[in-house]
Amino acid sequence: GAASSRKYLLLRAQHLELADDMEPTAAMPASTAAIAGLLAGVAQVAAEHPLDTLKVRMQTLARPDLRALDDGAVGVLRATLQREGVAALYLGVYPRLLTYGFVKMSLFSLYERLRRTSLSPAVAGTLAGLANSVVSCAPELVKAQCQVAIAQGSGPRFGFAQTMAKVVAERGARGLLIGLAPLALRDTIGYAFLFSVYEKRHAYPQLPTALVGGLAGCSFYLVSLPADRVRTVIMTQSLSRPAFRSAIEAARTIAAQEGLRGFYRGLAPTFCRTFVGQAIALTIYDRVTTTLVSGRG
């Protein structure tokens, strides 16, 4: 209502940090978080997708023709552009544009609801990330399959609908949850850190929201990149002849072939991608929620 909206705006204007982040933020209407999350998700995809494709191609084990173990980000980028052109960096962008806004809408709506129950940002982020991983698994799988679908001009370019149909045809409906375990691990750990850092913006009002958002995004992958590497390996393997039966098996292979450094492969494009993407996404989320709540007041 109007009273809760005024209370929310007052807290934001004064940049209060509530009891070391253990008290919930003032109530935000669920529809506000949903709309802001939707817009933030679409903007994030538009900003970061080329770097996301580069990250995925560096991390996959299924397509060694896309990269060599000793190739850095620049080498993989150069090879991709030489063989496939700039369009290759946008493979899988359509499933993300069509779905990621709704994924973020779900994430932020759930997070704001959990914060109203006296949970800290870390705990609310953990639970929201865990629940939202079920929502995001199929879009992440389809995107990853698209991003490694073609190299050297060979093979078909599968779009969103064809790739999803291929997954269901070869692995059944349950195939859309391939990679759920490492994805859930990544998102529970990652969003605990992301939201904890993001909520600190109230304590440091002199810092631009974009900077806080970028740092929040980097904190996500700083702690969760090993799980993300395993997720990528699982999601980009052959659907008809999968090399790994479990995430643990994939993790053991990464460790055996590349050592502990293998879990941090793609670190540079990942950090660049997430800083840019989250800086834009969280700035939009912050401004849209402020504008909408102000309008309700």
Gained length - VAL223 relative to ALA165, 0.36 nm times residue gap less alpha-carbon distance:
17.5 nm
Please report, as a whole percent, how much of the solvent-accessible surface of region 138-241 comes from carbon and sulfur atoms (probe radius 1.4 Å).
65 percent
Average accessible area per residue (Å²) across region 192-297 - probe 1.4 Å, nucleic acids and ligands excluded
44 Å²
Quick check: pseudo-label points 7 Å beyond the Cα along Cα→Cβ at LEU207 and LEU260, how many nm apart are they?
2.7 nm
Would region 182-230 count as rounded, prolate or oblate if I go by the C-alpha gyration tensor, calling it rounded below 1.5 in a/c and otherwise prolate when a/b exceeds b/c, oblate otherwise?
prolate
Could you tell me what percent of the accessible area of region 244-297 is made up of carbon and sulfur, with a 1.4 Å probe and every protein chain present?
61 percent
Rounded to the nearest Å, what's the spacing between the alpha carbon centres of region 226-252 and region 187-216? Just the number, please.
30 Å
Low-density loop positions, trypsin sites (Lys or Arg not before Pro), region 226-283 - DSSP coil, at most 16 other Cβ in 10 Å:
ARG245
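The values are calculated or read from the model by the stated rules, or taken from the named source; none is laboratory data. Computed from a predicted structure; not experimentally measured. Here the Cβ is made from the backbone with ideal geometry for all residues, glycine too, and neighbour counts use every protein chain on show. Protein only, heavy atoms only, side chains kept; ligands, DNA and RNA dropped before computing areas. Shrake-Rupley method; radii C 1.70, N 1.55, O 1.52, S 1.80 Å.
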